[in-house]
Amino acid sequence: MCLWLKINRNKFPTTVEESPQSKLERIWIEMVRGKTEMKRIENECNRKVTFSKRRNGLLKKAHELSVLCDAQVGVIIFSQKGTLFEFSSTSSHISKILERYQEYTGEFPHNKLREDYIQKLKFDSASMEEKIEILELSRRKMLGHCLSSSSFDEIQQMEDKLHTSLQCIRVRKTQLFKEQIEQLQSKERNLLKENARLSAMCMEKPSKHREEEATETTHHTLEVETDLFIGLPKQCADHNQIYT
C-alpha cells in the first residue's frame, strides 16, 4: 500500500464545529466500539470488509482535504490481491502529482534506469562488434588470407584445426556413403523379390495354358465314329473318302 497524504487536523480542520448532541453521540459510539487493536485481521471476510470501509473513508478524507484546503492530494492504494485504487485531486491523472513529487525530491528513477539501459546497450554493441571483427579475421586466415601478420605458432594452430576439421569431414562423408550403400542394397533386394514374384506369375500362366490344350486333345480323341458299312476294308476307305 502506497500513500502520499499528510493531514494536520489542528491546522486544517476538515469539519465544522459539532453540536453538543452530535458530540455526545460520537463519544458514545467510540466508547461502545472500544479501542481497535492495530494488528492484522486474521478473518479474511472481516479483513475485506474493513479494507473496503477504511479505503472509502481515506479517499473521502483526501477529497475533503483537497476541496477545503485547495491542496493537491494523491492517494495510491494496492489491495492484498494487487488491485489498484487511486485518487487525484487534479483533473489530470495522478502521474502529474508523481512527477511533481520527483521534481521536488530530486529523484528521477525512470530517467536513471533509462540511462543505465542505454549504456548497457552501447557496451553490448561495442563488445559484439569486436567479436565480429575477430571472427571475420579468423575466417580470412582459415581461407589463406591476411597471413602476413600471423606468427609461426598461430599458423601451426590453424593447421592443426584444419587437420582436425578435415578428419571430421571425412568421417561424416564415409558415414553418408555407408548410408547410401545400405539404401541401394535395400532397394536391390526389394527389386529382386519383385522380379522373382513376377517370374513365378509368368511361369504359372503357360502351365495352365498347356493343361487346357491337353484337356481339349483328349476330348477330341474320345469321339467315336458311328457310321455302319458292310464290305471290304478298301471299299470302306473309299466310302469314307466319298462322304468326307
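Values in this text are rule-based calculations from the coordinates and carry no lab data. Note that the structure is predicted; figures quoted are calculated from it, not measured. Methodologically, a virtual Cβ is constructed for each residue, glycine included, from the backbone with ideal geometry; neighbour enumeration extends over all protein chains shown.
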Please identify every one of the GluC sites (Glu not before Pro) in the range 82-175 that sits in a loop by DSSP and has no more than 13 other beta carbons within 10 Å of its own beta carbon. Glu107
Rounded to the angstrom and largest first, Cα extents along the principal axes for the range 121-166 equal 39, 23, 16
May I ask you to evaluate 6.51 cos²θ - 1.76 cosθ + 1.60, the Karplus curve with θ = phi - 60°, for each residue of the range 127-132 and list the ³J(HN,Hα) values in order in whole Hz, giving x for glycine and proline? 5, 5, 4, 5, 5, 5
Once you order the gyration tensor axes a ≥ b ≥ c over the Cα atoms, which shape class does the range 47-148 get: rounded for a/c under 1.5, otherwise prolate or oblate by comparing a/b with b/c? prolate
